[in-house]
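> Pasting in a structure now, in structure tokens, and then I'll have a few things to ask.
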Amino acid sequence: MLTHSLFQHFFLFSFILFFSFSYCQIETIEDSDWIPLFNGKNLDGWTVKINGKPINENLHNTFYVEDGILKVSYDGYEKFDMQFGHIFTNIAYSHYIVRVDYRILGTGMPDAPHWTNLNSGIMLHAQSPQSMRIDQAFPVSLEGQFLAEGATAGTQTGNAVTPGMHIEIDGKLNKEHIINSNSKLFPVDTWVTFEAEVNGHEEIIYRINDDEVIRFTHPQLDDTDNDAKRLIAAGASKLVSYGHIALQAEGQPIWFKNIKIKVLEK
């Protein structure tokens, strides 16, 4: 028969074991909510579109996979020649959290525009690559801009950039192309975590290393932009509530890893 003291120890041990097991179960369930968008092996599930080229022509192997990292490289280029590129998810999303680690490194292409220096990003609510013009440099989308120390395009990372769109800030329509976040710049060759919480048309929040840096609402097509007008003429709603996710290649080498999504809607 267990003594009272032994019983207390046995009960305490059992409780700790049960709590630890339960905690592990909770962690496993939460972790399982994240779905990898990138398999770390190849570009399956993604579509490449480079300015001036048909879809899935991965010019000079701009996008490639090495050591589990999705890399953007210009080693095969003699000149950039305004060949902006994007790699799109094959699936469009509406309500979700997307997370990616990025690392800006190296030197950009010398003939690329000066603002592309140490500059890249992720595009949200993007039009499909199939709907882009062959000579369209950027998809109509919402960008989470990635900048590193020494960039010429801004003094903080995680800015909201709006090719072909407008957004609302604090309930007011904002027609600026770049809306600054309250983040800072990080050194070149540093891994930085970007997260966007996207709630359809209602609200979008950007976070850098888990700190909120900007939030905005009600993304909408800019009916003065030629590419946005094409989408509207084709039947797209002016009020944007979903789209593809795309990673940029705009003349600056960059690496991406841990690209994953958590779907928020049922």
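> One quarter of the convex hull surface, Cα atoms only: what value does that give for the range 117-174 in nm²?
4.8
> Measure nothing but the geometry: give the 0 to 90° angle between the long axis through the Cα atoms of 4-32 and the longest principal axis through the Cα atoms of the chain, rounded to 10°.
Value to nearest ten degrees: 10.
> Within a Cβ distance under 15 Å of Ser237, other residues only, what is the Lys/Arg minus Asp/Glu net charge?
Residues close to Ser237 contribute a combined charge of 0.
> My understanding is that a pair violates if its Cα-Cα distance is over 32 Å; which of Lys53/Lys238; Lys53/Lys260; Lys53/Lys172; Lys41/Lys229; Lys238/Lys262; Lys49/Lys238 do that in this structure?
Beyond 32 Å between Cα atoms: Lys53/Lys172; Lys41/Lys229.
> Under the definition of Cα pairs under 8 Å and six or more residues apart, what whole-number percent is the relative contact order of the range 32-137?
It comes to 30 percent, rounded to a whole number.
> Which three extents, in angstrom, do the Cα atoms of the range 166-218 have along their principal axes, listed largest first?
Principal extents (largest minus smallest coordinate, Cα): 36, 21, 13 Å.
> Under a Cβ-only charge scheme (Lys and Arg +1, Asp and Glu -1), can you give me the dipole magnitude of the range 145-203 about the Cα centre, in debye to the nearest 20?
Dipole size: approximately 240 debye.
> Would you work out what percent of the accessible area of the range 32-136, with all protein chains in place, is carbon or sulfur (probe 1.4 Å)?
Solvent-exposed carbon and sulfur of the range 32-136 make up 49 percent of the total.
> In whole Å, largest first, what are the principal axis extents of the Cα atoms in the chain?
83, 42, 34
> Summarise the long-distance tail of P(r) for the range 124-266 by giving the % of C-alpha pairs beyond 20 Å.
Working: 4812 of 10153 pairs.
Of all Cα-Cα pairs in the range 124-266, 47 percent lie more than 20 Å apart.
> Within the range 136-169, list the GluC sites (Glu not before Pro) lying in a DSSP loop whose Cβ has at most 14 other Cβ atoms in a 10 Å radius.
Glu149
> For the chain, what is the charge dipole size about the Cα centre, in debye to the nearest 20, if Lys and Arg each add +1 at the Cβ and Asp and Glu each add -1 at the Cβ? All intermediate terms of the calculation are to be shown ahead of the outcome.
Numbers: 20 positive and 33 negative charges, 68 e Å.
With Lys and Arg at +1 and Asp and Glu at -1, about 320 debye.
> Among His166, His60, His125, which one moves the most in a GNM of the chain with springs linking Cα atoms closer than 10 Å?
Between His166, His60, His125, it is His60 that shows the largest mean-square fluctuation.
> Report, in whole Å, the centroid distance computed from the Cα atoms of the range 217-266 and the range 64-141.
Between the Cα centre of the range 217-266 and that of the range 64-141, the gap is 13 Å.
> Along its principal axes, what span do the Cα atoms of the range 197-266 show, with the longest given first and each in whole Å?
38, 35, 24
> Then there's this: Under 10 Å, Cα contacts only: if you run a Gaussian network model on the chain, which one of Ala234, Ala151, Ala137 comes out with the highest mean-square fluctuation?
Sorting by GNM fluctuation, first place goes to Ala234.
> For the range 125-266, what relative contact order do you get, as a whole percent, if you take Cα pairs closer than 8 Å and at least 6 residues apart? Please report the intermediate quantities before stating the final value.
On the way: 245 pairs, mean separation 30.4, N = 142.
Relative CO of the range 125-266 lands at 21 percent.
> Another question about this same structure. Quick one: accessible area per residue over the chain, 1.4 Å probe, rounded to a whole number of Å²?
That works out to 50 Å² per residue.
> Hey, what did the chain get for relative contact order, percent, Cα under 8 Å, at least 6 apart? Mind dumping the intermediate values first?
Working: 624 pairs, mean separation 70.5, N = 266.
Value for the chain: 27 percent.
The values are calculated or read from the model by the stated rules, or taken from the named source; none is laboratory data. As the structure is a prediction and not an experimental result, all values here were calculated from the model. Positions of Cβ are backbone-derived with ideal geometry, glycine not excepted, and every protein chain shown enters the neighbour counts. Just the protein is used for accessible areas: all its heavy atoms, side chains included, with ligands, DNA and RNA removed. Shrake-Rupley method; radii C 1.70, N 1.55, O 1.52, S 1.80 Å.
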